[in-house]
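Enquirer: The structure's right below; bear with me while I get my questions together.
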């Protein structure tokens, strides 16, 4: 949805990282939405598992990312700064998704809305993986 000139701008790699993490939410949420052998009455019982899977996939991805990035210049100097930066990009991405879904797939707005609510709920607990950022 963004113009090509805007998409070509140099931006923080944490923006792409946030995009990847949000894609984990979309992967499992769209599978649940498609109800691949999931009965509607079972959906509420699956949401805690959805959240656990997203956390597990995100943690594994973040750990690999942090290990590879090491102390690259784009990695913030502290874990709290890295967490704040990542959280900001995650929220930005989720709101972008909400706008996209409202304009293109209104039946899917629940995915970014649930993602936004999860981010707000988890804000105080959000931590970067061990070794992330520089001290």
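Enquirer: Can you tell me which residue is surrounded by the most Cβ atoms within 10 Å (Cβ to Cβ) among those in the stretch 51-71 that are in contact (Cβ under 8 Å) with a residue 24 or more places away in the chain and farther than 16 Å from residue 20 by Cα?
Expert: Per the criteria, the residue is 67.
Enquirer: I've got another one for you. Residue 48: in a loop (DSSP other than H, G, I, E, B), exposed (fewer than 14 other Cβ atoms within 10 Å of the Cβ) and free of Cβ contacts under 8 Å to residues at least 60 places away in the same chain, yes or no?
Expert: Values: in a loop (DSSP other than H, G, I, E, B): no; exposed (fewer than 14 other Cβ atoms within 10 Å of the Cβ): yes; free of Cβ contacts under 8 Å to residues at least 60 places away in the same chain: yes.
Spelling it out, it is not the case that residue 48 is in a loop (DSSP other than H, G, I, E, B), exposed (fewer than 14 other Cβ atoms within 10 Å of the Cβ) and free of Cβ contacts under 8 Å to residues at least 60 places away in the same chain.
Enquirer: I've got another one for you. Restricting attention to the stretch 83-106, does a residue exist that is more than 15 Å from the chain's Cα centre (by Cα), at pLDDT below 85 and not in a loop (DSSP other than H, G, I, E, B)? Reasoning before the result, please.
Expert: Taking the stretch 83-106 and keeping what is more than 15 Å from the chain's Cα centre (by Cα), we get 99-106.
Filter again for at pLDDT below 85, leaving none.
Within the stretch 83-106, not a single residue is more than 15 Å from the chain's Cα centre (by Cα), at pLDDT below 85 and not in a loop (DSSP other than H, G, I, E, B).
Enquirer: Checking residue 10 against (1) loosely packed, with under 11 Cβ neighbours inside 10 Å; (2) in a helix (DSSP H, G or I), which test does it fail?
Expert: (2)
Enquirer: Taking the conditions exactly as written (farther than 15 Å from residue 115 by Cα, at pLDDT below 85 and more than 12 Å from the chain's Cα centre (by Cα)), does residue 60 satisfy them or not? So that I can check it myself, show each step before the final result.
Expert: Working: farther than 15 Å from residue 115 by Cα: yes; at pLDDT below 85: no; more than 12 Å from the chain's Cα centre (by Cα): yes.
When the stated conditions are applied, residue 60 does not pass them.
The values are calculated or read from the model by the stated rules, or taken from the named source; none is laboratory data. Quick caveat: nothing in here was measured; it's all calculated off a predicted structure. In this analysis, Cβ positions are derived from the backbone assuming ideal geometry, glycine residues included, and neighbour counts consider all displayed protein chains.
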